[in-house]
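Data block below; observations after.
The values are calculated or read from the model by the stated rules, or taken from the named source; none is laboratory data. All figures in this text were calculated on a predicted structure; none of them were measured in a lab. Cβ placement follows ideal geometry from the backbone for every residue including glycine, while neighbour counts extend to all protein chains displayed. Side chains are part of the model used for accessible areas, which takes the heavy atoms of the whole protein and leaves out ligands, DNA and RNA. Shrake-Rupley method; radii C 1.70, N 1.55, O 1.52, S 1.80 Å.
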Amino acid sequence: MIFDGTLIDSVPDLADATNAMLTTLGKDTYPIETIRNWIGNGSRMLVERALVGDITVPEGALTKAEADHAEQIFLRHILRLVVAKPLLIPMSIVALNNFTRLATRSL
């Protein structure tokens, strides 16, 4: 495992919120592995990628109003999900304990 500093595995929640947004908008949903590839560059970009169904969002594919509306729906869903069930990455507890042990040794 490469530890990059991420302590929360948010992909399942991001995927759930993305699919909830798409369902609310009457659009097809996607598997978690597809959505995982769209994550990066913020929630707006994730929303836009989901709306067009691709990692590349062609200029003019969405209106600002469409993206704004979808993002508000997404944010409502993600807030509900993240508050309900944040999940620590399994090795993050071990990493935090090791960091604490090393930090206290150097004091």
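What is the sum of charges, Lys and Arg at +1 and Asp and Glu at -1, for the other residues whose Cβ falls under 10 Å from the Cβ of ALA17?
Numbers: positive: ARG76, ARG80; negative: ASP13, ASP16.
Spelling it out: positives minus negatives among the neighbours equals 0.
At 1.4 Å probe size, put THR18, THR34, THR63 in order of accessible surface, largest to smallest.
THR63, THR34, THR18
Mind listing the phi-derived Karplus ³J(HN,Hα) values for segment 22-38, rounded to whole Hz, using 6.51, -1.76 and 1.60 with θ = phi - 60°, and x for any glycine or proline?
Working through the residues one at a time gives 4, 4, 4, 8, x, 10, 5, 9, 10, x, 4, 5, 5, 5, 3, 6, 8 Hz.
Determine the sum of side-chain charges near ILE55: Lys and Arg each +1, Asp and Glu each -1, restricted to other residues whose C-beta is under 13 angstrom from that of ILE55.
Numbers: positive: ARG36, ARG49; negative: GLU33, GLU48, ASP54.
Neighbourhood net charge equals -1.
Give me the number: length gained by fully extending LYS27 to GLU59, i.e. 0.36 nm times residue separation minus the C-alpha to C-alpha distance, one decimal in nm. Don't skip to the answer; put the middle values down first.
Values: separation 32, 0.36 × 32 = 11.52 nm, distance 2.02 nm.
Between LYS27 and GLU59, full extension yields 9.5 nm more.
Could you order ASP28, ASP54, ASP13, ASP68 so the one with the most accessible surface comes first? Probe is 1.4 Å. Don't jump to the answer; show the numbers that get you there.
Working: ASP28 120, ASP54 70, ASP13 10, ASP68 50 Å².
Of ASP28, ASP54, ASP13, ASP68, the descending order of accessible area is ASP28, ASP54, ASP68, ASP13.
Which GluC sites (Glu not before Pro) in segment 4-84 sit in a loop by DSSP (not H, G, I, E or B) and have at most 16 other Cβ atoms within 10 Å of their own Cβ?
Working: sites: GLU33, GLU48, GLU59, GLU66, GLU71; in loops: GLU59.
Sites meeting the loop and neighbour criteria: GLU59.
If I ignore ligands, DNA and RNA and count only protein heavy atoms, how much of LYS27 is accessible to a 1.4 Å probe, in Å² to the nearest 10?
That residue has around 100 Å² of solvent-accessible surface.
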